[in-house]
Amino acid sequence: MTRLRESLTVLVFLLPVLVLFAMFRFLPMLGAVGLSLTDYHPGGDWRFTGTENYRSLAQDEIFLSSLRTTLGYVAVYVPLIVVVALGTALLLHAVPWGRGLFRAALFAPYATSLVLSGVLWRWVLEPTGFLEQPSMVLPALAVVGAWKGFGYAMLILFAGIRNAPADCLEAAKVDGASVWQRFRHVLLPALRPALFFVVVVETVGAFQVFDTVYVMTGGGPVRASYTLAYAVYDYGFRYFDIGSAAAIGVALWAIVLLVSLTQRRAFDRNP
Amino acid sequence: MRRAWPAVLLSLTSLVAIGPFVLMLLVALSPGNAPTIPYRLPSSLTLDNIIRVLSTESFLRWTANTVVYSVVSAVAVLLSASMAAYVFARKRFAGRDVLLWSLLSTMMVPFHALLMPSLVVIAQLGWSDTYWGLIIPTLANAQAVLLLRQFIRALPDEVFDAARVDGAGDWRMYLSIVLPLCRPVLATLGVFVFLWHWNDFLWPLVVARSDRMRTLTVGLSTLESGHLTIAELMSVATITGVPCLLVFVVLQRHLTSTISFTGSGR
């Protein structure tokens, strides 16, 4: 009897979270795969079409170019934000005064929205014309993303630097190791976990870039910034092709999983 | 002697970080539509633009929607997540670890993958273009459950044992031990959830069919510099951004140390 009561209490405590996750996470996860196998259109009839959406996406030049565009964005954004975040974290470590003030200033963009960042930078970049040039639009978007987000990565890396063994750094200094040697052989090994975390989080985030694209370029010029996440929105809300939009979403999901697993393995293999 | 270049570089980077906000404020506070920025500083400052924007009806509505979306979500996430976190941290029951892992696994799913099916669920529930549809799907927050569970697990066992000896049941434990002891982490988490929702874009964008359901980010994204002056646009931007910046400035020490220690906040 008491065991029954006990289980009932546990269930009641879990109930809100269970219902929320069942309805708005697990059901949509199944639904994403399900929808991607249909030709669902809003208001109309729909039927099961098997893998047809996936097969037509494999031939779809718009989708394929959005894959390339997304990879291009990731290739610019991730090194940029990691270098900027690591650089500012090291600088923050090297300057012993005014840390609170510097940290607040550097982190401020992170507290605001990507939409606000996009609106501000769309205006700041207007005289340069970068957002109208197909070759410049991805780097410009990457700079805006990195400007908004580097404060977060910087905090993680700064915490990692402070966890580095102080006595080793001191010993290396006494032994006459250069700044680079101290960084390469003492700091970097200690920073590996933090660096790994930052690289994974930022890569996964970069594959899903959407807000800045929506606000600053609308995927243009001539689809030069038409990313996968933007394609999900565009297929769903401009073409009302829900089946294909869901299929692109599932593809994005698969890519994100694959990337995190690959990075995990790469990290485990190189100690 | 300490070299000066790290401090110089750090100051320059800080200027780049806050520069756009300073420009935004200056333009929003510039009188008339004087195209002074970025070439010349305005000779005087005024609140006219901000007041004019604030007195338009749809803008007030967007602000109210954003406040409702952020505040209600923060409270509801704290309540539901702390209840679940308590049993995950302090009770033994069949399938506990599997259940926790499956909740956490949802953090790996890009929201774009769930976008279309979530909208179908909302439509089936008759929640399209309503506050229910806006708020409730965003309450499934695995990060909050995880963070609170870690915190509750780290609380000393003696407190719970003593309460049990005194005959306290689970509700008493939750209400008079867990919630009071978790106050610092609940406060930080509440601020994070508030900021996530205040800054959220994609979900409010697709749920809001009518102008009266838009949040500030969605409204701001619909504004083109052609339809209103740059000073008005920057006024909207200011009102969208300043609450976050203020919350952050006041609480920055708490927020930054939570990020440094747990990596949450993203």
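So what's the back-of-envelope 222 nm ellipticity for chain B, counting only DSSP H runs of four-plus at -39500 (n - 2.57) apiece and dividing by all residues, rounded to 500?
Values: 13 runs with 182 residues, N = 266.
Per the formula, -22000 deg cm²/dmol.
State, to one decimal in nm, how far the label point of A:Ala166 lies from the label point of B:Arg172, with both points 7 Å from Cα in the Cβ direction.
4.6 nm
Rounded to a whole number of µm²/s, how large is the Stokes-Einstein D of chain B at 4 °C and 1.567 mPa s, given Rh as the Kirkwood radius over C-alpha pairs?
On the way: Rh = 21.6 Å.
This corresponds to a translational diffusion coefficient of 60 µm²/s.
Compute the whole-percent fraction of alpha carbon pairs in the protein assembly as shown spaced more than 44 Å apart.
Details: 27866 of 143916 pairs.
Result: 19 percent of Cα pairs exceed 44 Å.
Which of A:Gln208, A:Gln133, A:Gln181 moves the most in a Gaussian network model of chain A with Cα springs under 10 Å?
A:Gln181
Dimensions of region A:178-271 along principal axes (Cα, Å, largest first)?
58, 27, 16
Treating the beta-carbon of each Lys and Arg as +1 and of each Asp and Glu as -1, no other charges, what is the dipole magnitude of region B:17-262 about its Cα centre, to the nearest 20 debye?
Working: 16 positive and 13 negative charges, 70 e Å.
With only Lys, Arg, Asp and Glu charged at Cβ, the dipole is about 340 debye.
In bins 10 Å wide, starting from 0, what share of all Cα pairs of region B:18-142 does each bin hold, as a percent?
In whole percents, the pair-distance histogram is 10, 23, 24, 19, 16, 7, 2.
Counting Lys +1, Arg +1, Asp -1, Glu -1, what net charge surrounds A:Arg182 among other residues with beta carbon under 11 Å of its beta carbon? Spell out each step's value before the answer.
On the way: positive: A:Lys173, A:Arg184; negative: A:Glu170, A:Asp175.
So the environment of A:Arg182 carries a net charge of 0.
List residues of region A:97-112, by number, whose backbone nitrogen lies under 18 Å from a label position 7 Å along Cα→C-beta of A:Val179.
Hits in region A:97-112 for A:Val179 at 18 Å: A:97.
Return the sequence-ordered ³J(HN,Hα) values of region A:37-44 in whole Hz as given by the Karplus equation 6.51 cos²θ - 1.76 cosθ + 1.60 applied to θ = phi - 60°, using x for Gly and Pro.
Values, residue by residue: 9, 10, 10, 3, 10, x, x, x Hz.
Output wanted: per-residue J couplings in Hz (rounded whole) for region A:131-148, from phi through Karplus 6.51 cos²θ - 1.76 cosθ + 1.60, θ = phi - 60°, x for Gly and Pro.
Result, rounded to whole Hz: 6, 9, 9, x, 7, 9, 5, 5, x, 5, 4, 5, 4, 5, x, 5, 4, 6.
How far apart, in nanometres, would the label points at A:Val83 and A:Val124 be if each is projected 7 angstrom from Cα along the Cα-to-Cβ direction?
With each label placed 7 Å out from Cα toward Cβ, I get 1.9 nm.
Sort out for me the Cα centre separation of region A:1-77 from region A:82-109, rounded to whole Å.
Distance between centres, Cα-based: 39 Å.
Let's test the formula: R0 of 30 Å, r as the Cβ-Cβ distance of A:Arg47 and B:Phe93. What FRET efficiency results, to the nearest 0.05? Walk me through the intermediate numbers first.
Details: r = 43 Å, r/R0 = 1.42.
Between A:Arg47 and B:Phe93 the formula returns 0.10.
Taking only the alpha carbons of region B:114-180, what extent do you get along each of the three principal axes, in Å, biggest first?
50, 21, 16
More than 27 Å apart: what percent of Cα pairs in region A:60-269 qualify? Kindly include the intermediate steps, with their values, before the conclusion.
Details: 8845 of 21945 pairs.
Above the 27 Å cut-off, region A:60-269 has 40 percent of its Cα pairs.
Applying the Karplus parametrisation 6.51 cos²θ - 1.76 cosθ + 1.60 with θ = phi - 60° to the phi angles of region B:58-65, what ³J(HN,Hα) value in whole Hz is obtained for each residue in order, glycine and proline being reported as x?
5, 5, 4, 4, 4, 5, 4, 4
Points 7 angstrom from Cα along the Cβ direction at B:His227 and A:Phe197: gap in nanometres?
4.2 nm
Rounded to the nearest 500 deg cm²/dmol, what is the calculated helix-only ellipticity per residue at 222 nm for chain A, with -39500 (n - 2.57) per DSSP H run of length n ≥ 4? It would help to have the intermediate numbers written out before the result.
Numbers: 13 runs with 199 residues, N = 271.
Result for chain A, helices only: -24000 deg cm²/dmol.
Enter the mean projected area of the convex hull around the alpha-carbon atoms of region B:193-256, in nm², rounded to one decimal.
Numbers: hull surface 20.7 nm².
Value for region B:193-256: 5.2 nm².
What's log10 of I(q)/I(0) for region B:112-266 at q = 0.13, 0.21 Å⁻¹, Debye sum over Cα points only, no solvent?
So the normalised log intensities work out to -0.82, -1.26.
Enumerate the amide H contacts of A:Thr38 below 5 Å, restricted to partners 5 or more residues apart or on another chain; note that Pro and chain-start residues carry no placed amide H.
It is A:Thr49, by chain and number.
Using the eigenvalues of the Cα gyration tensor, what equivalent ellipsoid semi-axes result for region A:2-52 when each is taken as the square root of five times the eigenvalue, whole Å, largest first? List each step's numbers first, then the result.
On the way: eigenvalues 284, 21, 13 Å².
So the equivalent ellipsoid measures 38, 10, 8 Å along its semi-axes.
Let me check I've understood the local charge: for B:Ala231, count other residues with C-beta under 13 angstrom from its C-beta, Lys and Arg +1, Asp and Glu -1. What total comes out? The partial results should precede the final answer.
On the way: positive: B:Arg52; negative: B:Asp48, B:Glu232.
Once positives and negatives cancel, what remains is -1.
Throughout, read-outs are computed from the coordinates displayed, never taken from laboratory work. Everything quoted here is computed from the prediction, not taken from an experiment. In this analysis, Cβ positions are derived from the backbone assuming ideal geometry, glycine residues included, and neighbour counts consider all displayed protein chains.
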